[in-house]
1. Find all pairs meeting these conditions: Cβ atoms under 6 angstrom apart; at least six residues apart or on different chains; first residue within the range 65-83 and touching a residue at least 24 places away in the same chain (Cβ under 8 Å); second residue hydroxyl-bearing (Ser, Thr, Tyr) and surrounded by 11 or more Cβ atoms within 10 Å (Cβ to Cβ).
2. Among ILE93, ILE30, which is among the β-branched types (Val, Ile, Thr) and exposed (fewer than 11 other Cβ atoms within 10 Å of the Cβ)?
3. Test ILE83 against the stated conditions and say whether it is aliphatic (A, V, I, L, M) and exposed (fewer than 13 other Cβ atoms within 10 Å of the Cβ).
4. Taking helices (runs of 4 or more DSSP H) that fall entirely within the range 1-97, which contain at least 3 residues that are under 30 Å from GLU108 (Cα atoms)?
5. Would you confirm whether any residue within the range 78-90 is within 30 Å of SER13 (Cβ to Cβ) and touching a Ser or Thr at 6+ places or on another chain (Cβ under 6 Å)?
6. On the basis of being under 30 Å from ILE15 (Cα atoms) and either acidic (Asp, Glu) or outside the structural domain of PHE27 (by the TED database) (or both), does ASP95 make the cut?
7. Report the residue count in the range 89-126 for those that are more than 24 Å from the chain's Cα centre (by Cα) and under 19 Å from ILE77 (Cβ atoms).
Amino acid sequence: MDKFFHFFAKKVSRIAGHGGTFSLACFIIIIWLISGPFFNFSHTWQLIVNTGTTIITFLIVFLIQNTQNRDSESTQIKLDEIIKSLKKGDNSIIDLENLSDNELQQLEEKYKELAHKKSKKEKKDE
């Protein structure tokens, strides 16, 4: 079931992000707008588009989030592998995504300070 969901989520994300899908959505909305006078702009006429767009939005959020999570995890693994393979790489930063916000902030400050020092040193050498 999990493999099917991942496959389905990936396909739907690709389709949803395609330009043709946007054009189709615009076309459907235009048809809906044009049909308004024929239905006297009734509550049923409004309910059709409201219900449809609400359901589609609700479902697509979960599918896109699943795809985003998988992409983020795979990118993180690739970055971890690159860090691990570098001789001068700091292997302690491989698992950053599991740090707290405070720990991430401290690490960011550390690297800003290192960059600042390096910048000063380069200016002196010129």
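The values are calculated or read from the model by the stated rules, or taken from the named source; none is laboratory data. A quick note: this is a predicted structure, and the numbers were derived from the prediction, not measured. Note that each Cβ is placed from the backbone with ideal geometry, even for glycine, and that neighbours are counted across all protein chains shown.
1. THR67/SER13
2. ILE30
3. No; evaluated as a whole, the condition is false for this residue.
4. Ranges flagged: 43-85.
5. No, the conditions are met nowhere in the range 78-90.
6. Criteria not met by ASP95.
7. So the count comes out to 4.
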